[in-house]
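Student: Structure provided below as structure tokens; questions to follow.
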Amino acid sequence: MSEPEQELEAELDKIMRVLWRSDLEAEAEMFAPASPIVSRGPVFDIKCDACSGGPHCDTVLSEAIIQAIQLARRAADKLDAAIGVEPWQRDEESMKTARLFTEIFCHDPSLPIPWADNSPSGATVAYRFRAVARELDGGRRIHFVCLPTVSVCTTQSCCPDEFARAREGEPIVLCDNFWQDPDIEGLPAASFRGAILIHEMLHFLFAAPRGGMGGDWGPRRVNPTCYEQFVLRVNGLLALPSSKCKPCR
């Protein structure tokens with residue numbers, strides 16, 4: 001059995017246990033006719049007095065949320081274009097998207113997924129990006145909390161290498177690293193923070209389990225670290241080393 005087939009076998013078991021916990025509509029509904037996007041704008045709250053982002057952390061966070069919405073929707077649109085035609089009919093941009101998807105997720109986005117009625121793999125990834133964008137864009141009020149970073153971390157603090165963390169039903173935690181601008185040319189600060197928010201919203205909405213560096217805990221198509229890498233690179237941006245999922249074997 002090839003690696004893509006092995007990953008799909010593992011994912012079939014894992015995804016069904018993940019989806020039932022989601023408070024979004026069933027992922028099987030993603031192939032229904034798309035509704036027009038109605039932008040309502042971010043709805044969130046945060047107490048800035050505990051944030052290392054300074055007195056204007058709410059403004060910085062708002063900019064990051066808006067950037068996350070844009071990044072996620074553009075990624076979904078690019079995937080739609082790549083799977084909307086036969087692989088040999090793709091234009092140059094769609095070929096680039098498919099090559100990047102294959103590099104990160106280890107198979108072409110047109111690969112049929114058995115548990116999704118043999119629909120393309122890229123369609124489920126696009127669905128999740130749009131779900132994140134919808135919820136960030138006024139779909140719900142999102143609660144954020146800032147926690148201090150300490151060398152020996154607990155549930156009430158952040159570890160030194162953490163940027164943020166999220167768990168279904170709890171406020172999204174923002175760590176000191178989230179507020180530090182990245183020292184990487186080709187990765188604007190708002191995009192850096194936006195990609196982190198996409199990562200954490202995938203944990204929040206789909207109850208994706210957390211893992212170690214590189215997200216080495218399960219199939220790539222339910223791995224927020226891989227989504228974070230893909231959403232940055234498909235938008236022409238660089239990804240942080242910590243947002244790169246394990247390479248294909």
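Since every read-out is calculated from the coordinates, none of them should be taken as a lab result. Just so it is clear, the model here is predicted, and its values are computed rather than measured. For neighbour counting, all protein chains shown are included, and Cβ atoms are generated from backbone atoms with ideal geometry for every residue, glycine included.
Student: Spelling out what I want: for every residue of region 45-55, take phi, set θ = phi - 60°, compute 6.51 cos²θ - 1.76 cosθ + 1.60 (Karplus), and round to whole Hz; glycine and proline get x.
Tutor: 9, 7, 9, 6, 5, 9, 9, 7, x, x, x
Student: Still on this structure: If you take the Cα Rg of region 117-177 and divide it by 2.2 N^0.38 Å, with N the number of residues, what do you get?
Tutor: Expressed relative to 2.2 N^0.38 Å, the Cα Rg reads 1.49.
Student: Another one. Please arrange LEU174, LEU205, LEU237 by how many other C-beta atoms lie within 10 Å of their C-beta, fewest to most.
Tutor: Sorted ascending by nearby Cβ count, the order is LEU237, LEU205, LEU174.
Student: Additional query: Given a cut-off of 24 Å, name the pairs among LYS78/LYS244; LYS96/LYS244; LYS47/LYS246 whose C-alpha atoms lie farther apart than that in the structure shown.
Tutor: LYS47/LYS246
Student: Another one. Could you state the principal axis extents of the C-alpha atoms in region 96-249, from the largest down, to the nearest angstrom?
Tutor: Largest to smallest, the principal-axis extents are 45, 34, 28 Å.
Student: I need LYS246, LYS47 ordered by Cβ neighbour count within 10 Å, fewest first.
Tutor: Taking fewest neighbouring Cβ atoms as first place, the list is LYS47, LYS246.
Student: Tell me, what HN-Hα J-couplings in whole Hz come from the Karplus equation 6.51 cos²θ - 1.76 cosθ + 1.60 at θ = phi - 60° for each residue of region 237-249, using x for Gly and Pro?
Tutor: 10, 8, 10, 5, x, 6, 9, 9, 7, 4, x, 5, 9
Student: Determine the gain in length on full extension of the stretch GLU168-GLN180; use 0.36 nm per residue of separation and subtract their C-alpha separation, reporting nm with one decimal.
Tutor: Full extension from GLU168 to GLN180 adds 1.8 nm.
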